[in-house]
Amino acid sequence: VQVVESGGGLVQPGGSLRLSCRTSGFSFSLCAMSWYRQAPKKERELVAGISDTGGGTNYADSVKGRFTISRDNTERTVYLQMNNLKPEDTAVYYCNIQCRLWASWGQGTQVTVSS
């Protein structure tokens, strides 16, 4: 299983970023996918999740209306579009794979929101 996140970086408040999580080595279309984040000295928290077909999504209250999770099962990739970013969104963002019998994580990508 390979999981590669990209798209993080430094952005000003109010800006946008699009994270990508490209995968290989498993049946992507059979697994739910999620984005988590972990800020310094805080616990890892769920940001957004999407079902295996993409028909169901869920979001943390803190990102509702600003972030959108999507997936392309042909490209084996899950995305997180982040708009109107705030300093409190600063964290390492992790891609999570949740299949029926196993789960795995990516290595994370840093998102920093600062002026």
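Just one of the numbered conditions (1) in a strand (DSSP E or B); (2) surrounded by fewer than 19 Cβ atoms within 10 Å (Cβ to Cβ); (3) of a type in the set (D, E, K, R) is not true of Glu5; which one?
(2)
Looking at the stretch 49-71, is at least one residue in contact (Cβ under 8 Å) with a residue 60 or more places away in the chain and either surrounded by 14 or more Cβ atoms within 10 Å (Cβ to Cβ) or not aliphatic (A, V, I, L, M) (or both)?
no
Quick check on Ala103: is it surrounded by 15 or more Cβ atoms within 10 Å (Cβ to Cβ) and out of contact with any helix residue (DSSP H, G or I) (no Cβ under 7 Å at 6 or more places or on another chain)?
Considered against the rule, which asks whether it is surrounded by 15 or more Cβ atoms within 10 Å (Cβ to Cβ) and out of contact with any helix residue (DSSP H, G or I) (no Cβ under 7 Å at 6 or more places or on another chain), Ala103 comes out as no.
So in the stretch 17-46, with the set limited to residues that are among the hydrophobic types (A, V, I, L, M, F, W, C) and open to solvent by 40 Å² or more (accessible area, probe 1.4 Å), which one is modelled with the lowest pLDDT?
Leu30
Give the stretch 53-81 a look and list any residue that's closer than 25 Å to Gln2 by Cβ, touching an Asp or Glu at 6+ places or on another chain (Cβ under 9 Å) and among the polar types (S, T, N, Q), or say none.
Correct list: Asn73 only.
What pairs can you find where one residue is in the stretch 30-45 and in a strand (DSSP E or B), the other is of a type in the set (D, E, K, R) and open to solvent by 80 Å² or more (accessible area, probe 1.4 Å), and their Cβ atoms are less than 8 Å apart, with a gap of 6+ or different chains?
Close Cβ pairs (under 8 Å, with a partner that is of a type in the set (D, E, K, R) and open to solvent by 80 Å² or more (accessible area, probe 1.4 Å)) amount to Tyr36/Arg44; Arg37/Arg44; Gln38/Arg44.
Against the condition outside any strand (DSSP E or B), touching a residue at least 40 places away in the same chain (Cβ under 8 Å), open to solvent by 20 Å² or more (accessible area, probe 1.4 Å) and on the phi > 0 side of the Ramachandran plot, how does Gly14 come out, does it pass?
yes
The values are calculated or read from the model by the stated rules, or taken from the named source; none is laboratory data. The structure displayed is predicted, hence computed values, not measured ones. Note that each Cβ is placed from the backbone with ideal geometry, even for glycine, and that neighbours are counted across all protein chains shown. All accessible areas refer to the heavy atoms of the entire protein, side chains included, with ligands and DNA or RNA removed. Shrake-Rupley method; radii C 1.70, N 1.55, O 1.52, S 1.80 Å.
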